Amino acid sequence: MAEVAAGENPYGLIPALQQGGPIAWFLFAVLILMSIATWYILFTKLWEQRKMMAEARTLDDTVWKAKSLREGANKLDPDSAFRQLAEDGMRAYEHHDGKLTDEIDRHEWVTMSLNRTSGLIGHKLSGGLPLLASIGSTAPFIGLLGTVVGIYRALINIGIAGQASIDKVAGPVGEALIMTALGLAVAVPAVLAYNWLNSRNKAVLEKVNTFASDIHGYLLSGSRMAVIPAKPAAPATAKPAAAPAAKPAE
């Protein structure tokens, strides 16, 4: 076992990595990179989703209260996904008037264009999520590999010493347990982040698809389809129990 300074824990993380050698350091570096990637994807995707949700809440004021769809779209951020959706819809509408009058129905052509743009937006939103899923599924096995290496080193020390003394076993076993804990510490946030971001993506895509539907209706009819709020269901009223039939007099 490597010499440690007086008062220092000989079974901590750094001593365990020093005892583990290049393999332990390599696995530790891989887990650290995985953890950095997880938190980077989490914060960048949260910022992107928050921006889109905030913009979706202002569409009624910025787009649909403007004099025209083009004027409303110009009020949006140049990099906005909603502006891209509006511009692609108008471009498809104008392109149909110029070249596709008889070849394909206007409704179908505009729908295809809006669906294509919505799909590209959804693909961009899902960027990084496959990496989170991979990290969540592989990090425990990387930690397990470090555990196997630590147990193997413990068995080698026992074989060399001829007895299972605590000073020969504690270091490698501690290294094994630390690698297991590190693998779980990286995997759990990755899995939680993946599920959370995926559910938020569904909410954002719902806003995108709703806006695409509004654009489609505006381009083909000249006005946005009015949204009628759903009425709450009326509570069911219990029917009064029927009075028991009177028995005939005997």
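Computed from the coordinates by the stated procedures, all read-outs in this text should not be read as laboratory data. As the structure is a prediction and not an experimental result, all values here were calculated from the model. Using ideal geometry, Cβ is built from the backbone for each residue, glycine included, and neighbour counts are taken over all protein chains shown.
What spacing in nm lies between the two simple spin-label points modelled at residue 70 and residue 106, each 7 Å away from Cα in the Cβ direction?
1.5
Filter the GluC sites (Glu not before Pro) in region 48-143 to those in DSSP coil with at most 14 other Cβ atoms within 10 Å of their Cβ, and list the result.
In loop regions of region 48-143 (DSSP not H, G, I, E or B), the sparsely surrounded GluC sites (Glu not before Pro) are 103.
Report the trypsin sites (Lys or Arg not before Pro) located in region 28-86 that are in a DSSP loop and have at most 11 other Cβ atoms inside 10 Å of their Cβ, or state none.
Answer by residue number: 65, 67.
List 134, 221, 35 from most exposed to least, where exposure is judged by having the fewest other Cβ atoms within 10 Å.
221, 134, 35
My understanding is that a pair violates if its Cα-Cα distance is over 26 Å; which of 67/124; 51/75; 67/202; 45/65; 124/207 do that in this structure?
Long pairs (Cα-Cα over 26 Å): 67/124; 67/202; 45/65.
Counting other C-beta atoms within 10 Å, which of 114, 76 has the fewest, and how do the rest follow?
76, 114
Along Cα→Cβ, 7 Å out, is where each label goes; now give me the distance between the ones at residue 134 and residue 151 in nm to one decimal.
2.8
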